[in-house]
Amino acid sequence: MTDWTGGYVADVGYTYGYYGELNPLRARLALLSANLALPKSGAACELGFGQGISANVHAAGSGTRWYGTDFNPAQANFAGHLAESFSGGPQLFDQSFAEFCARDDLPDFDFIGLHGIWSWISDDNRAVIVDFLRRKLKVGGVLYISYNTQPGWAAMVPVRDLLNQHADMLAPAGAGVVARVEGALAFAKKLWAVNPAFARNNPQIAERLKKIEAMDRNYLAHEYFNRDWVPMSFADMAAALAPAKIDFACSATYLDHLPNLGMTQEQLALLDELPDPVFRQSTRDFMVGQQFRRDYWVKGARKLNPLEYREQLRAQRVVMVAPRDSVTMTVKGVLGEATLTDAIYRPILDLMSDHQVRGVGEIEHALREHAIPLASLHQALMVLTEKAALAPAHDEATIAAARPRTDQLNRLLLDRARGSGEINYLASPVLGGAVTLTRFPQLFILAIQAGKASPEEWAAYVLQIIKGQGQSIVKDGKPLQGDQANFDELLAQATEFGSQRLAGLRALGVL
Ligand SMILES: C[S@@+](CC[C@H](N)C(=O)[O-])C[C@H]1O[C@@H](n2cnc3c(N)ncnc32)[C@H](O)[C@@H]1O
């Protein structure tokens, strides 16, 4: 039997994650902040889509034609099952990168995204992807790519090697990957308990191991136990992508666009002295101890003039996705917590609290007596987006065209929520992306769609679903005993759902 995995962990499925950075709509505020022209939205591709939540939600929620591959057949099967639930679903394959990238029936792409891939594949596969980007990313097209970054992983590299050696050499023959992960973690604990010099010289690793201990084992298997695992410096990344004629555009992490949040004035002054953009990014990664970068790159970046910037920014649309009361007036950066300027943020939040979609120009006009400069408004919208208070929104025609598709996909996701809580997302035609929603709120939506009108009825409906499967609600780590206790907890959650979430979800076209 041929080994199709190439050393990649394939015997446990990957988690059901959704990544908003893979939504081309989200790239726009970031690219504009770097003064760069926006890509068109014709065709997009996700390499290594995992369980395919992002690829499906993005295909359902936009007019973009999505393609993608992931060589794990179980994951490709699940992703394909989602894709079949709505008309015009993404074209998803179970091919290796080498097979998929050699296809001659793919269009050229305006957007190509890879999340959590680059650091976990072989040099050969990285070369396949760079060649694909060279041939298939259109001029002006955007690449989203995330990767483990040096110097943030420096001290962890030998620890990961040791964990892997343990898994390879000491795990009992036939032990599954999860057992190998458990064994390796138990060994690391034992090693740290005897206080080796490495632990004394790298005290931060004990904290890291503690965090790892609490993580999902399937995730850990994919993160640490592949044959390939290469944290890369920014300079090496830039060199790797150079043959594809792709240049760094900007960080996809919106808060990185506010350098004051992550660096001191002295650090910023030192960075300002550096003329080379690649060297500046490499040095920045030392300033913030970067471990994971999420970046946008562009083939043939085109700078906007100030008028183009203002016009294009004003045309972007945003919507409030969180309940107004839940939005705190602080933001966390590398240097600690910063307080949001009341005079800028409060009027924006108050205006947007009705969950209506507004253009940036419209917000600027509505808040004119607050005299918020356009650049400050732009920055505030990015901060509020990173805080998951606001999100970029599509135009009305795209929303109307996407709604039947997101309804169809959500029907499948909601139906699935009856039996399990693995997928904490629903598709929004307004966002062209996902809203985060855990199992019980999803089931409350199902109750509403079944004609139930009040929180009491929603709670009773959900109780029937979980009771029928012998499940009960776990609260503070303990299962609640008896129907009444379960109903009371569901009623509390349903009441909060009705008062806090429902209006926002309706505005986002989720129901
Ligand atoms: C760490 S997971 C990330 C999945 C997904 N992008 C996410 O973030 O949820 C890496 C994915 O890449 C896929 N993969 C790894 N090597 C591959 C290859 N050579 N060809 C195709 N898919 C590959 C794996 O099956 C896995 O689903």
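Treating the beta-carbon of each Lys and Arg as +1 and of each Asp and Glu as -1, no other charges, what is the dipole magnitude of the chain about its Cα centre, to the nearest 20 debye?
Values: 49 positive and 55 negative charges, 38 e Å.
Here the chain has a charge dipole of around 180 debye.
Could you pull out every one of the aspartates and glutamates with an alpha carbon less than 18 Å from that of K475, ignoring same-chain neighbours closer than 8 positions?
Cross-link targets: E422, D483, D488, E489, E496.
Which sequence of K475, K245 reflects their accessible areas, 1.4 Å probe, from the largest down? It would help to have the intermediate numbers written out before the result.
Details: K475 90, K245 150 Å².
Listed by decreasing accessible area, they come as K245, K475.
Checking the cross-link filter: which lysines have an alpha carbon closer than 23 Å to that of K40, excluding same-chain neighbours under 8 positions apart?
Filter leaves K136, K138, K245, K299, K303.
How much of the DSSP beta bridge set in the chain is antiparallel, as a percent to the nearest 5?
Working: 29 of 46 bridges.
DSSP beta bridges in the chain are roughly 65 percent antiparallel.
How would H58, H370, H166 rank on accessible area, largest to smallest, probe 1.4 Å?
Details: H58 0, H370 85, H166 30 Å².
So the residues, ranked largest to smallest area, are H370, H166, H58.
Considering only M352, V321, T64, whose Cα is most displaced toward the positive end of the charge dipole of the chain, charges sitting on Cβ of Lys, Arg (+1) and Asp, Glu (-1)?
Farthest along the dipole direction, towards plus: M352.
Multiply the residue separation of L191 and L268 by 0.36 nm, subtract the distance between their alpha-carbon atoms, and state the gained length in nm to one decimal.
Details: separation 77, 0.36 × 77 = 27.72 nm, distance 3.96 nm.
Length difference between fully extended and current span is 23.8 nm.
Which one, N218, T283, T253, is farthest towards the positive end of the dipole of the stretch 197-306 when Lys and Arg carry +1 and Asp and Glu -1 on their Cβ?
N218
Shape call for the chain from the C-alpha gyration tensor, a ≥ b ≥ c root eigenvalues: rounded (a/c under 1.5), prolate (a/b greater than b/c) or oblate?
Values: a/c = 1.31, a/b = 1.04, b/c = 1.27.
In terms of gyration-tensor shape, rounded.
When you count, for each residue, the other Cβ atoms within 10 Å and take the mean per peptide, how do 224-231, 306-313 rank with the highest first? Don't skip to the end; give the middle numbers.
Values: 224-231: 18.8, 306-313: 14.8.
Top to bottom by mean Cβ count within 10 Å: 224-231, 306-313.
Hydropathy first: keep DSSP H helices in the chain averaging at least -0.5 on Kyte-Doolittle, then drop any whose Cα extent along the axis falls short of 27 Å, and list what survives.
Details: long enough: 396-417 (30 Å, -0.45).
What comes out of the filter, once short or polar helices are dropped, is 396-417.
Let me make sure I get this right: for the stretch 438-511, a, b and c are the square roots of the gyration tensor eigenvalues over alpha carbons, sorted descending. Under 1.5 in a/c it's rounded, otherwise prolate if a/b > b/c, else oblate. Which is it? Don't jump to the answer; show the numbers that get you there.
On the way: a/c = 2.09, a/b = 1.74, b/c = 1.20.
Prolate, since a/c reaches 1.5 and a/b exceeds b/c.
Mind putting a number on the dipole of the stretch 361-511 about its Cα centre? Charges go on the C-beta only, +1 for Lys and Arg and -1 for Asp and Glu, and I need it in Debye to the nearest 20.
Working: 14 positive and 16 negative charges, 87 e Å.
Dipole about the Cα centre, nearest 20: 420 debye.
Order the peptides 146-153, 206-213 from the highest to the lowest mean number of other Cβ atoms within 10 Å of their residues. Walk me through the numbers before you get to the answer.
Values: 146-153: 20.5, 206-213: 13.4.
Peptide ranking by packing, descending: 146-153, 206-213.
Might you report the magnitude of the Cβ-based charge dipole of the stretch 95-180 about its Cα centre, with Lys and Arg at +1 and Asp and Glu at -1, to the nearest 20 debye?
Details: 8 positive and 10 negative charges, 40 e Å.
Charge dipole of the stretch 95-180: 200 debye, to the nearest 20.
Roughly speaking, what is the stretch gain from K40 to A242, that is 0.36 nm per residue apart minus the C-alpha to C-alpha distance, in nm to one decimal?
On the way: separation 202, 0.36 × 202 = 72.72 nm, distance 2.23 nm.
Taking K40 through A242 to full extension adds about 70.5 nm, to one decimal.
Please give the contour-minus-distance gain from V474 to L351: 0.36 nm per residue of separation, less the Cα-Cα distance, rounded to one decimal in nm.
Separation in residues times 0.36 nm, less the Cα-Cα distance, equals 40.5 nm.
Towards the positive end of the charge dipole of the chain, with charges on Cβ (+1 Lys, Arg; -1 Asp, Glu), say which of P373, S85, S420 has the farthest Cα.
Checked the options; the winner is P373.
222 nm [θ] for the chain, helices only, -39500 (n - 2.57) per DSSP H run of 4+, per residue, to 500? The partial results should precede the final answer.
Values: 23 runs with 241 residues, N = 511.
Helix contribution divided over all residues of the chain: -14000 deg cm²/dmol.
Along Cα→Cβ, 7 Å out, is where each label goes; now give me the distance between the ones at R208 and E422 in nm to one decimal.
Those two pseudo-labels are separated by 3.0 nm.
Of the listed peptides 282-289, 19-26, what is their order by residue-averaged count of other C-beta atoms within 10 Å, with the highest listed first? Numbers along the way, then the final one.
Values: 282-289: 17.5, 19-26: 23.6.
Averaged packing, sorted descending, gives the order 19-26, 282-289.
The values are calculated or read from the model by the stated rules, or taken from the named source; none is laboratory data. Bear in mind the structure is a predicted one, so any value in this text is a computation, not a measurement. Glycine also receives a Cβ, built like all others from the backbone with ideal geometry; neighbour counts cover every protein chain displayed. These area figures cover heavy atoms from the full protein model, side chains too; ligands, DNA and RNA do not enter into them. Shrake-Rupley method; radii C 1.70, N 1.55, O 1.52, S 1.80 Å.
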